[in-house]
Amino acid sequence: MSNSSFKILIFRIGQLGDMLVTVPTLWVLRNKYPYADITMFSDVHTSTNYTTARDVFEKSPLINNFITYNTSASLGPLRTIIQSIKTLIYLRRQRFNLAFYLAPSRRNKKQAKRDELFFKIAGIKTCIGFKEFYHLPAPPMTGSTIPVISQEADLLLQRINAAGIRIPPLGEGRTDLAIGHKEFTNVESWSKSQIPDGDRPWFAVGPGSKMPSKKWPVERFQRVVQHLINKHDIWPVVFGSTDDIPNAKLLISKWGRGHIAAGDLNIRESISALSRCCAFLGNDTGTMHMAVSASLRCIAIFSSRDYPGHWDPYGSGHIVLRQNMSCSGCLLESCVEKNMSCLLSIDETSVINACENILRDYFKTHHQ
């Protein structure tokens with residue numbers, strides 16, 4: 001079918017990074033079904049400022065419509081049941097021809113079975129992604145070697161490939177959001193409202209995270225970037241959410257130069273601004289995945305809380321700094337017992353060397 005009457009539902013939950021790693025798969029589906037009406041079915045957290053699917057995809061060509069359900073803990077059991085019934089009725093009325101189950105790979109078998117039943121009740125006869133679902137290995141025993149996992153974007157691509165859909169070579173999927181002239185113009189206007197950068201190369205910094213266990217100390221970011229300023233005369237631009245503004249102001253005051261994009265630019269504008277930078281240095285966050293969407297090489301600082309490789313910046317040319325620990329795979333959002341030893345064991349010299357490697361290539365290419 002080659003017209004907009006063919007309706008596709010895509011199920012994906014999560015926040016900024018969770019959404020951005022679906023982009024290679026979404027481009028495959030959009031190219032396969034160029035005229036289809038594609039709806040993203042995802043979660044929202046009404047009690048937080050978490051990024052939603054609409055925030056990421058609303059102005060892209062990948063998604064046409066959005067259906068959401070509230071996962072706030074304050075909803076309560078009864079209201080959750082009522083919401084589920086209303087959502088089922090709404091989905092049945094939409095008469096989707098096809099659904100793609102792109103739930104995060106951490107979804108366990110029991111959750112996937114429950115979701116499969118939900119979509120059947122919703123009247124969607126053809127669902128791709130349940131039989132093809134790759135379930136992550138069980139958490140390792142303490143002290144054992146934690147396995148390396150394929151990047152989440154590639155796991156999603158392999159899921160649809162198992163259903164017979166042709167995909168690009170792993171690690172080579174399309175990651176952009178079709179950022180256009182409007183975003184470029186908005187960033188130009190924004191940059192002119194900032195203090196002059198003296199035509200220095202922008203260097204993106206992402207020092208924040210909603211998880212304390214992912215946050216490399218801000219004072220280390222300060223010292224690393226100060227070294228790069230002294231040696232390469234870069235112009236730092238701090239990206240992130242409004243929560244990152246206090247640290248961004250602290251860093252800029254210490255460096256004596258730079259811009260704060262955090263809180264000023266929306267997602268598409270931020271990606272446009274990132275595309276003007278020479279490299280990205282930051283934590284394992286959605287901001288890092290935005291840098292990937294901007295085709296920017298990343299120096300990514302990872303805790304050991306998750307499987308190595310799983311959330312690495314997509315594609316080639318990036319440098320990931322991560323230490324294997326006896327407690328790797330803990331999945332802790334806040335590390336108290338070990339006092340974030342995995343992150344703190346990543347020293348400033350290692351980060352500086354990684355930045356130098358990428359900047360060396362950049363300056364060779366740009367003859368500076």
Exercise. Please determine, by comparing only the residues of segment 331-368 that are among the hydroxyl-bearing types (Ser, Thr, Tyr) and in contact (Cβ under 8 Å) with a residue 40 or more places away in the chain, which one is surrounded by the most Cβ atoms within 10 Å (Cβ to Cβ).
Key: Tyr362
Exercise. Counting only residues that are modelled with pLDDT under 90 and not aromatic (Phe, Trp, Tyr), give me the helices (runs of 4 or more DSSP H) lying completely in segment 68-167 with at least 1 of them.
Key: 77-94, 109-121
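Yes/no per residue for (1) surrounded by 19 or more Cβ atoms within 10 Å (Cβ to Cβ); (2) within 17 Å of Leu156 (Cβ to Cβ); (3) outside the structural domain of Arg268 (by TED's automatic domain parsing); (4) touching a residue at least 60 places away in the same chain (Cβ under 8 Å):
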{"position": "Gly14", "(1), (2), (3), (4)": "yes, yes, yes, yes"}
{"position": "Val28", "(1), (2), (3), (4)": "yes, yes, yes, yes"}
{"position": "Lys32", "(1), (2), (3), (4)": "no, yes, yes, yes"}
{"position": "Phe66", "(1), (2), (3), (4)": "no, no, yes, no"}
{"position": "Gly76", "(1), (2), (3), (4)": "no, no, yes, no"}
{"position": "Leu102", "(1), (2), (3), (4)": "yes, yes, yes, yes"}
{"position": "Leu117", "(1), (2), (3), (4)": "no, no, yes, no"}
Exercise. Scan segment 199-211 and give yes if some residue there is without any contact (Cβ under 8 Å) to a residue 60 or more places away in the chain and either part of a loop (DSSP other than H, G, I, E, B) or of a type in the set (A, V, I, L, M) (or both), otherwise no.
Key: yes
Practice problem: Taking Lys231 as the residue in question, decide whether it is outside any loop (DSSP other than H, G, I, E, B) and closer than 24 Å to Arg297 by Cβ. | Solution: yes
Quiz item: Does any residue of segment 292-299 turn out to be buried (at least 20 other Cβ atoms within 10 Å of the Cβ), touching a Lys or Arg at 6+ places or on another chain (Cβ under 8 Å) and either modelled with pLDDT under 95 or within 20 Å of Gly206 (Cβ to Cβ) (or both)?
Solution: no
Quiz item: For the subset of segment 247-287 comprising residues that are among the basic types (Lys, Arg) and outside any helix (DSSP H, G or I), which member is farthest from Tyr50 (Cα to Cα)?
Solution: Arg257
Self-check item: Which numbered condition Lys215 fails, given (1) in the same structural domain as Leu343 (by TED's automatic domain parsing); (2) surrounded by fewer than 18 Cβ atoms within 10 Å (Cβ to Cβ)
Solution: (2)
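The values are calculated or read from the model by the stated rules, or taken from the named source; none is laboratory data. Note that this is a predicted model, so its numbers are computed, not measured. Positions of Cβ are backbone-derived with ideal geometry, glycine not excepted, and every protein chain shown enters the neighbour counts.
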